[in-house]
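Report on one structure; see the data block that follows.
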Amino acid sequence: MKRIAVLTSGGDSPGMNAGIRAVVRKGIFHGLEVYGVYHGYQGLINGDIKKLELGSVGDIIHRGGTILQSSRSEQFKTEEGQLLAIQQLKSSEIEGLVVIGGDGSYRGALKLTEKGFPCIGLPGTIDNDIPGTDFTIGFDTALNTVVRAMDQIRDTAQSHERIFIIEVMGRHAGDIALWAGVAGGAETILIPERSFDLDDIVKRLEHGVERGKKHSIIALAEGVMSASKLADILKEKYGIETRVSVLGHIQRGGSPTGFDRVLASRMGARAVELLLEGKGGRAVGIQKNQIVDHDIEEILKEKSEPIGELYTLSKQLSI
Ligand code: ADP
């Protein structure tokens, strides 16, 4: 193998740049030429491919987002789009591809591998919702962004004796809400993977008030319902006034934490090793602090689950 390429796809996440840098440098270290595909799979179809040198990835390890840009491509979901993408790679004499993205991007990487073009997937998403890895690239940064916001909101919640609902990202996965809720001392944590009982939540709020607690934080994953809807229900059904804060896209951006930079560096390097070993269709992960790899197809059949023990603990610590 002489030439490989790297692309970022789907939702961006902090640490993707550290992953790109690792792929480029590790590849060059082993004597490979490394190409960057710009604008994800759509850029691949369009032939938006440029050679990356050691210096092309200088000064990016600390930057959020992705220097290769990302995109969502409907055309790539078609067989014709995938064949066009492979044609582009072959015409540039590229023999292996590293894809950094979420599960949608993994599906694309699997399709290319099934058509004979070896791809390796790196889990780049703030949601921490990829099976086969304890952490995804960007989750730790997003978690810390939310915890900072929560600390600031707690100051005002405390001063004004208010209940705040903080809506965080996570349409299908509650890890950001769960981890940030525990780290930020939220009294209530609502995530899509667990059902909840509003009467019970209200009871807990009232119990807090009885013992002199005058402010409270509810960490709400967007996949459960919107913060404004929950606020309306609490007001109409129980007469409870709340304030709402929707954190939105600030959770996606920002300089990656040291943890995410190291994680992305280790995973990017492993992806290059796998291609050099002649492997494709593998998803890189971290489990028990070891870099591992699994069959992408198997990973896509599984469902990531929040840590049950952490959810139970969150309830025990917020009584
Ligand atoms: P993420 O990778 O963050 O989950 P998406 O689900 O939007 O983001 O997927 C990113 C891109 O991956 C899509 O725009 C599409 O080009 C490609 N993709 C997603 N699902 C498939 C699929 N089933 N087959 C081929 N490509 C896919």
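What follows draws every value from the coordinates through simple rules; no lab data is involved. Keep in mind the model is a prediction, meaning the values are calculated, not measured. Note: ideal-geometry Cβ built from the backbone for every residue, glycine included; neighbour counts use all protein chains shown.
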Restricted to region 37-74, and to residues that are within 14 Å of the ligand (Cβ to nearest atom) and of a type in the set (A, V, I, L, M, F, W, C), which residue is farthest from residue 26 (Cα to Cα)?
-> 45
In region 1-42, what count of residues is obtained for those that are in contact with a Ser or Thr (Cβ under 6 Å, 6 or more places away or on another chain) and acidic (Asp, Glu)?
-> 1
Lone unmet requirement of (1) charged (D, E, K, R); (2) over 26 Å from residue 174 (Cα atoms); (3) more than 10 Å from the ligand (Cβ to nearest atom) for residue 111 = (3)
Does residue 120 meet the test of being in a loop (DSSP other than H, G, I, E, B), more than 12 Å from the ligand (Cβ to nearest atom), among the β-branched types (Val, Ile, Thr) and in contact (Cβ under 8 Å) with a residue 24 or more places away in the chain?
-> no
Conditions (1) under 12 Å from the mean Cα position of the chain (by Cα); (2) more than 9 Å from the ligand (Cβ to nearest atom); (3) acidic (Asp, Glu): number failed by residue 103 = (2)
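Is it the case that some residue within region 179-188 is under 29 Å from the mean Cα position of the chain (by Cα), aromatic (Phe, Trp, Tyr) and in a helix (DSSP H, G or I)?
Yes - at least one qualifying residue is present in region 179-188.
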Is it the case that region 75-97 has a residue that's out of contact with any Phe, Trp or Tyr (no Cβ under 7 Å at 6 or more places or on another chain), within 12 Å of the ligand (Cβ to nearest atom) and under 24 Å from residue 253 (Cβ atoms)?
-> no
Quick one: in region 189-230, which of the residues that are of a type in the set (S, T, N, Q) and touching a residue at least 12 places away in the same chain (Cβ under 8 Å) is farthest from residue 303 (Cα to Cα)?
-> 216
Given (1) at negative phi; (2) away from the ligand (no atom under 16 Å from the Cβ), residue 31 misses just (1)
Filter result (buried (at least 20 other Cβ atoms within 10 Å of the Cβ) and touching a Lys or Arg at 6+ places or on another chain (Cβ under 8 Å)) within region 23-37 | 32, 34, 35, 36
Taking region 273-319 as the region of interest, how many residues are outside any strand (DSSP E or B) and of a type in the set (A, V, I, L, M, F, W, C)?
-> 11
